[in-house]
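The values are calculated or read from the model by the stated rules, or taken from the named source; none is laboratory data. Everything numeric here is computed off the predicted structure, so don't read it as measured data. Backbone-built Cβ (ideal geometry, glycine too); neighbour counts: all protein chains shown. The protein model used for the area step is the full one, side chains on, heavy atoms only, and it has no ligands, DNA or RNA in it. Shrake-Rupley method; radii C 1.70, N 1.55, O 1.52, S 1.80 Å.
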Amino acid sequence: MGAEKEILVPDIGDFHDVEVVDVAVKPGDTVKQEDTLFTIESEKASMDIPSPAAGVVKELRVKKGDRVSMGSPVLLLVQDGAAAETPKPAPPAKAEKKPARTAKESAPAPPPAVGSAQVGAEDPAPYAVAPTPGPRSAPPAPIGSETVGGSQSARAYASPATRKFARELGIDLGLVRGGGRKGRILIEDVKSFTKAVMTDNRVFQKSGGFAMPEIPPVDFSKFGPVETRELSRLKRLSGQNLHRNWVTIPHVTQFDEADITELEEFRKSQQDQATKKNIKLTLLTFLVKAAVVALRKNPDFNSSLTPDGGALVTKQYFHIGFAVNTDQGLMVPVIRDADQKGLFDIARELAELAEKARSKKIKPAEMQGGCFTISSLGHVGGTAFTPIINAPEVAIMGVSRAAMKPVYMDGKFEPHLLLPFSVSYDHRVIDGVAAAEFAHYISTLLADIREILL
Ligand code: COA
């Protein structure tokens, strides 16, 4: 039996009180010189702590999550003197076929040394410290099916912490060149590789737009109790569409407000008549009417881009969509030919379509062909929001909660009911001035009910 040796954290430069993020060995394990014992990680770099000698781990003195500095005891090793003094070269590629392997022979073969940060065998600093290096990784491979998740990863020379990190990012370690000792791949190398891939123009060429890194998965249960619920099919679908619209349409949102004091008075004055017809004359009814008048005056807002983006299709009809929040997710029923319908008809149809959407009885045809969408959160509250355009439409109106506010008129303040609203528009189709005029026009329409009704 060899001599026992207490292994201490070596000189790790300016790092103090750094976290042990991975323990690669357990009592009873046989290690060879240079095998990784622990990985520690500061805010700037991760470091593998290799064994200074060959032997058998007798006792661990640290565990994952502990914090250590230079000189902290990490484990007790029963040394194998001979092995410690004569480290052998890396094993041949088919070492696993040998009938009797030694611990040394079964170790992974380090890849060729690459880059200036490589620490040679004779280097006085025996630890692979990786302080935010310069470009050390291989140039990214063309983006394609082999870029991530290839089978090279298993043969790469990297610590468990680095492997875990690469797995979370979907990076094939076989594509990453290691800048650590003997070519070991460090977390910094994976980061540099990812950065290089993301800034490579070829990524942009491949998608015709741009590619985005995925948000790495997080095990939230590490931080507290959690509950996971599947999203409804509708929510997934509308989520995909919202995401697509958000990232593919250059949105700008114009904010405005309308003085709806008179409109509200008119609405209430008509409510008795509406109730007799079993109708609720809602604010949304007037917004639909105002939208029609504004679209008629501004045809670009009633258009869609052709798929190649080279032409604008202007519609001669006025189908207005309105967002309805249902148990299953967001739906947008459409009032067809709203220009040809009276207030009561629109009010009735709004209520019927909203009810059909909520009770899942709405037909796909009743949600198609929209020219412009209104999303009203006014019944809930809020002062402003930026609605996402419902492609292939080019504009959408977002309505927030009306409130009584003092308005300075004729030398004095008077209480008025002001309705805040916004218009998000596709800036490829609509200029800022046109959008400001459009929103302002809606504001004047709502302020003077005659403009809508005539
Ligand atoms: N500011 C202040 N109050 C508002 C308002 C606004 N912008 N919009 C609506 N309200 C009030 C209404 O006056 C009404 O109050 P009341 O019951 O005292 O009359 C209440 O909020 C509910 O509004 P509602 O009658 O439902 O009218 P609406 O015009 O907002 O909506 C329908 C009409 C038919 C679409 C409605 O039934 C509906 O489904 N609304 C929900 C729309 C939705 O899901 N929006 C979310 C989009 S993401």
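Overview of results
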{"item": "Surface per residue (accessible, 1.4 Å probe) for the range 351-424, Å²", "result": "52"}
{"item": "As computed over the range 270-365, the Cα convex hull volume per residue (Å³)", "result": "115"}
{"item": "Theoretical FRET efficiency, 1/(1+(r/R0)^6), r = Cβ-Cβ of S269 and F223, R0 35 Å, to 0.05", "result": "0.05"}
{"item": "Probe 1.4 Å - accessible area at K32, Å² to nearest ten", "result": "40"}
{"item": "Projected label distance in nm at K363 and F344, using a 7 Å step from Cα toward the beta-carbon", "result": "2.6"}
{"item": "Gain in span if fully extended, V433 to S69, counting 0.36 nm per residue against the direct Cα distance", "result": "124.9 nm"}
{"item": "Protein accessible area in the range 353-394, 1.4 Å probe - carbon and sulfur %", "result": "58"}
{"item": "C-alpha center-to-center spacing [the range 353-368, the range 312-332] in angstrom", "result": "11"}
{"item": "Accessible surface of the range 228-313 [probe 1.4 Å, protein heavy atoms]: carbon and sulfur percent", "result": "51"}
{"item": "Separation in nanometres of the label points that stand 7 Å from Cα toward Cβ, at T386 and E262", "result": "3.4"}
{"item": "Rounded to the nearest 10 Å², the accessible area of Y317 at probe 1.4 Å", "result": "90"}
{"item": "In nm, spacing of pseudo-spin labels at Q316 and D448 (7 Å Cα→C-beta vector)", "result": "3.0"}
{"item": "Accessible surface, the range 238-320, averaged per residue in Å² (probe 1.4 Å)", "result": "54"}
{"item": "Base-10 log of normalised Debye intensity for the range 301-447 (one unit scatterer per alpha-carbon) at q = 0.14, 0.15 Å⁻¹", "result": "-0.77, -0.87"}
